[in-house]
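Okay, so here's the structure we're looking at.
The values are calculated or read from the model by the stated rules, or taken from the named source; none is laboratory data. Keep in mind that this is a model prediction, so the values were computed, not measured. FYI the Cβ positions are ideal-geometry reconstructions off the backbone, even for glycines, and counts take in every protein chain you see.
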Amino acid sequence: MSFRAVLAGCGNMSKGWLTAIAESALVVGRVEIVGLVDLDLATAQTRAAEFGLTNVAVGTDIDALLSQTKPDLLFDVVVPVARRAVVEAGLCHGCHVLSEKPMANSLSDGKSLVELAAKVGRIHAIIQNRRFVAGVRRIRQLIKSGALGKLSSLNCDFFVGAHFGGFRDEMENPLLLDMSIHTMDAARFMADKLPQAVYCLETNPNGSWYTHGGAANAIFELSDNVVFNYRGSWCAEGATTSWESAWRIIGSKGTLIWDGADHFEAKVVANDTGFLRELRFIDVPAPANDAQTHGHASVLAEFLDAVETGRKPETDSSDNINSLAMVFGAIESAKSHRRVEISI
């Protein structure tokens, strides 16, 4: 089945979307781009030319373009501040919508979009592509297998010196709002737990090129007495971690270490005697489904499968709102200097 789609927001992020649609074996032939929308007409025209989209409608008014093209899908790649209006337009025009992260610029906007999608009977999902990398899927499988025992804590470090330029340099809470959603969603997915509370310290380190909040430390309380410790910075030079972060995951029987790339090390206790227990290595199994390990393309394929079958996709907004709540809970905690309970 092939779906007609409009893409809104033709900046740099749109290149990854259009490349996956044009080149990934998981998606090729399933989507026809019929329209491109951007506030800057020249940007939309440039992107159309770059990808050889010679017969698409191009414009600056999303309502007009949706009325003209009548697509099945809307791909939302706009900046966060414009997200609610764009998603609402798509849903009200009868489109299923796949959005960039974060799903909304506030928790109240996120809730409104979840409610609207349910009201109009359309899917609204989020491109949480970090769920769809092999390492994250492997860790979830290992935790669920019980090999580490009862999960105790997830601990991650994210340290990258990212010189974006543009809106991120000026926005409030750039790390927490624009990046940490990936890590928080991955932690929630791997642990299969719900967030309950958070205490967060947000700082802007010496030498930061961000106007506000280039770094943050957060302690999350998850369901079933699990703790998630997050240490992150977008202005850390000299020893960059993976974009997937570096992880230490601890259970009652042992520990898994992942560098966010290809290195895994998992050990569990081998006996029940001695001051320090003897340890043995265990394998971290390969992902059960390779099709779910191709990042952006896998999220797109999951979304298209869900639209075809009428089920909710893995990254449906009704689930992703829990990850968004972690972000805004951390922001509220940082501003108020207190522990904040998280509820939807």
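Quick check on S145: is it in contact with a Ser or Thr (Cβ under 7 Å, 6 or more places away or on another chain) and surrounded by fewer than 18 Cβ atoms within 10 Å (Cβ to Cβ)? Before the answer, list the steps.
Details: in contact with a Ser or Thr (Cβ under 7 Å, 6 or more places away or on another chain): no; surrounded by fewer than 18 Cβ atoms within 10 Å (Cβ to Cβ): yes.
Criteria not met by S145.
Would you please name the residue that is farthest from S252 (Cα to Cα), looking only at residues in segment 263-277 that are free of Cβ contacts under 8 Å to residues at least 12 places away in the same chain and of a type in the set (G, A, S)?
Restricting attention to segment 263-277, the residues satisfying the condition of being free of Cβ contacts under 8 Å to residues at least 12 places away in the same chain are 263, 270-277.
Keeping just the survivors that are of a type in the set (G, A, S) gives 270, 274.
Details: A270: 13, G274: 16 Å.
Here the residue is G274.
Conditions tested, residue by residue: (1) at pLDDT below 95; (2) of a type in the set (K, R).
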| site | (1), (2) |
| --- | --- |
| F75 | no, no |
| V81 | yes, no |
| E88 | no, no |
| V97 | no, no |
| D109 | no, no |
| L116 | no, no |
| R130 | yes, yes |
| I143 | no, no |
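For segment 222-232, which residues satisfy the criterion of being crowded, with 17+ Cβ neighbours inside 10 Å and more than 20 Å from the chain's Cα centre (by Cα)?
Selection gives V226 alone.
Could you check how many residues of segment 334-344 are assigned to a strand (DSSP E or B) and closer than 16 Å to K193 by Cα? Walk me through it before giving the result.
Just the residues of segment 334-344 that are assigned to a strand (DSSP E or B), to begin with: 340-341.
Now narrow it down to the ones that are closer than 16 Å to K193 by Cα: 341.
Residues meeting the conditions: 1.
Taking the options S333, S317, name whichever one is in contact with a helix residue (DSSP H, G or I) (Cβ under 6 Å, 6 or more places away or on another chain) and either of a type in the set (S, T, N, Q) or over 30 Å from E202 (Cα atoms) (or both).
Working: S333 fails: in contact with a helix residue (DSSP H, G or I) (Cβ under 6 Å, 6 or more places away or on another chain).
The unique qualifying residue is S317.
Within segment 96-122, count every residue that is buried (at least 22 other Cβ atoms within 10 Å of the Cβ) and either in a helix (DSSP H, G or I) or of a type in the set (V, I, T) (or both).
Residues meeting the conditions: 4.
Run down G207, G165, G214, G110 and say which single residue is assigned by TED's automatic domain parsing to the domain that holds S14 and not aliphatic (A, V, I, L, M).
Values: G207 fails: assigned by TED's automatic domain parsing to the domain that holds S14; G165 fails: assigned by TED's automatic domain parsing to the domain that holds S14; G214 fails: assigned by TED's automatic domain parsing to the domain that holds S14.
That would be G110, the only listed residue that is assigned by TED's automatic domain parsing to the domain that holds S14 and not aliphatic (A, V, I, L, M).
Could you tell me which of the residues N289, N206 is within 23 Å of I126 (Cβ to Cβ) and exposed (fewer than 14 other Cβ atoms within 10 Å of the Cβ)? Spell out how you get there, then give the answer.
Working: N206 fails: within 23 Å of I126 (Cβ to Cβ).
Residue meeting the stated conditions: N289.
Report yes if some residue within segment 146-158 is at pLDDT 95 or above, more than 19 Å from the chain's Cα centre (by Cα) and assigned to a helix (DSSP H, G or I); otherwise report no.
No, segment 146-158 has no match at all.
Quick one: V160 ticks every box in (1) in the same structural domain as N217 (by TED's automatic domain parsing); (2) of a type outside the set (K, R); (3) over 30 Å from D290 (Cα atoms) bar one, so which box is it?
Among (1) in the same structural domain as N217 (by TED's automatic domain parsing); (2) of a type outside the set (K, R); (3) over 30 Å from D290 (Cα atoms), the lone unmet condition for V160 is (3).
May I ask you to list the residues in segment 277-333 that are of a type in the set (S, T, N, Q), outside any helix (DSSP H, G or I) and modelled with pLDDT of 95 or more? Give the derivation first.
Taking segment 277-333 first, the residues of a type in the set (S, T, N, Q) are 289, 292-293, 298, 309, 315, 317-318, 320, 322-323, 333.
When the remaining residues are screened for being outside any helix (DSSP H, G or I), the result is 289, 293, 315.
Within segment 277-333, just T315 meets the criteria.
Only one of D63, D40 is in contact with a helix residue (DSSP H, G or I) (Cβ under 6 Å, 6 or more places away or on another chain) and without any contact (Cβ under 8 Å) to a residue 40 or more places away in the chain. Can you tell me which?
Working: D40 fails: in contact with a helix residue (DSSP H, G or I) (Cβ under 6 Å, 6 or more places away or on another chain).
Exactly one of D63, D40 is in contact with a helix residue (DSSP H, G or I) (Cβ under 6 Å, 6 or more places away or on another chain) and without any contact (Cβ under 8 Å) to a residue 40 or more places away in the chain, namely D63.
Could you list all residues from segment 9-42 that are surrounded by fewer than 18 Cβ atoms within 10 Å (Cβ to Cβ) and hydroxyl-bearing (S, T, Y)?
The answer is T19, S24.
Of all the residues that make up segment 57-82, how many are outside any helix (DSSP H, G or I), surrounded by 21 or more Cβ atoms within 10 Å (Cβ to Cβ) and among the aliphatic types (A, V, I, L, M)?
The total comes to 4.
Take the residues of segment 233-249 that are of a type outside the set (K, R) and surrounded by fewer than 18 Cβ atoms within 10 Å (Cβ to Cβ): which is nearest to R131 (Cα to Cα)? Can you show your working first?
Taking segment 233-249 as the starting set, the residues that turn out to be of a type outside the set (K, R) are 233-247, 249.
Among the residues that remain, those that are also surrounded by fewer than 18 Cβ atoms within 10 Å (Cβ to Cβ) are: 237-240, 243.
Numbers: E237: 26, G238: 27, A239: 24, T240: 21, W243: 13 Å.
This residue is W243.
Need a quick list: strands (runs of 3 or more DSSP E) entirely within segment 168-250 having at least 3 residues that are under 25 Å from A147 (Cα atoms).
Working: elements: 195-203, 215-222, 226-233.
It comes to 215-222, 226-233.
Can you name the residue in segment 256-276 that is of a type in the set (D, E, K, R) and in a strand (DSSP E or B) and, of all such residues, is surrounded by the most Cβ atoms within 10 Å (Cβ to Cβ)? It would help to see each step written out before you state the result.
The initial filter retains those residues of segment 256-276 that are of a type in the set (D, E, K, R), namely 259, 262, 265, 267, 272.
Next, only the ones that are in a strand (DSSP E or B) stay: 265, 267.
On the way: E265: 13, K267: 16.
My answer is K267.
Taking segment 123-138, which residues are in a helix (DSSP H, G or I) and within 16 Å of W243 (Cβ to Cβ)? I'd like the intermediate steps shown before the answer.
Initially, segment 123-138 is screened for residues in a helix (DSSP H, G or I), giving 129-132, 134-138.
The answer is N129, R130, R131, F132, A134, G135, V136.
Without any contact (Cβ under 8 Å) to a residue 60 or more places away in the chain and closer than 27 Å to A162 by Cβ, is that true of S298?
So S298 does not fit the description; no.
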